[in-house]
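The structure appears below as structure tokens.
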Amino acid sequence: LTEVYSSSPALGRYFRSAQVISFSNESSTVIYQLVFSVPPSAEGFMENSMHPDFIRNILRQNIYDED
């Protein structure tokens with residue numbers, strides 16, 4: 001995750017860290033926390049670039065690009 005988000009053209013400059021919070025072998029579930037440094041005065045930044053779907057799609061695109 002660190003490599004994916006730190007190299008992202010859209011979010012790389014804002015990305016600070018990724019940490020696994022919880023991991024389950026039984027259900028193959030990982031809960032992680034992403035930390036971004038958000039610009040204080042960027043209008044619409046939180047609604048667009050920090051929208052969970054946008055962040056999730058960056059990871060999806062990276063997975064698709066590797067195939």
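The values are calculated or read from the model by the stated rules, or taken from the named source; none is laboratory data. Just so it is clear, the structure is predicted and the values come from calculations on it, not from any experiment. Here Cβ is always computed from backbone atoms with ideal geometry, including for glycine, and neighbour counts include all displayed protein chains. Surface areas here come from the heavy atoms of the whole protein model, side chains and all, with no ligands, DNA or RNA. Shrake-Rupley method; radii C 1.70, N 1.55, O 1.52, S 1.80 Å.
Just to be sure I understand, if you calculate percent of Cα pairs over 20 Å apart for this structure, which of [x] 45; [y] 15; [z] 34 do you get?
This structure yields the entry labelled [z].
With all protein chains present and a 1.4 Å probe, how do PHE15, PHE23 order by accessible area, largest first? Display every interim value, and only then the final one.
Values: PHE15 15, PHE23 130 Å².
If we order PHE15, PHE23 from most to least accessible, we get PHE23, PHE15.
Using only alpha carbon pairs under 8 Å that are at least six residues apart, calculate the relative contact order of the chain and give it in whole percent. Intermediate values should be presented prior to the final figure.
On the way: 57 pairs, mean separation 19.4, N = 67.
Computed value for the chain: 29 percent relative contact order.
State, to one decimal in nm, how far the label point of VAL35 lies from the label point of SER7, with both points 7 Å from Cα in the Cβ direction.
2.3 nm
I need the GluC sites (Glu not before Pro) found in the chain, filtered to DSSP loop residues with at most 13 other beta carbons within 10 Å of theirs.
Values: sites: GLU3, GLU26, GLU43, GLU47, GLU66; in loops: GLU26, GLU43.
Sites meeting the loop and neighbour criteria: GLU26, GLU43.
For region 1-65, with only Lys/Arg (+1) and Asp/Glu (-1) charged at the beta-carbon, what is the dipole magnitude about the Cα centre, in debye rounded to 20? Write out the running numbers ahead of the final one.
On the way: 4 positive and 6 negative charges, 26 e Å.
About 120 debye.
Once R0 is set to 35 Å, what does the formula 1/(1 + (r/R0)^6) return for the Cβ-Cβ distance between PHE45 and PHE23, expressed as a FRET efficiency to the nearest 0.05? All intermediate terms of the calculation are to be shown ahead of the outcome.
Numbers: r = 31 Å, r/R0 = 0.88.
Efficiency, from the Cβ-Cβ distance: 0.70.
Which one of ASN48, ASN25, ASN57 has the biggest mean-square fluctuation once the chain is modelled by GNM with Cα springs under 10 Å?
Looking only at ASN48, ASN25, ASN57, the largest GNM fluctuation is found for ASN25.
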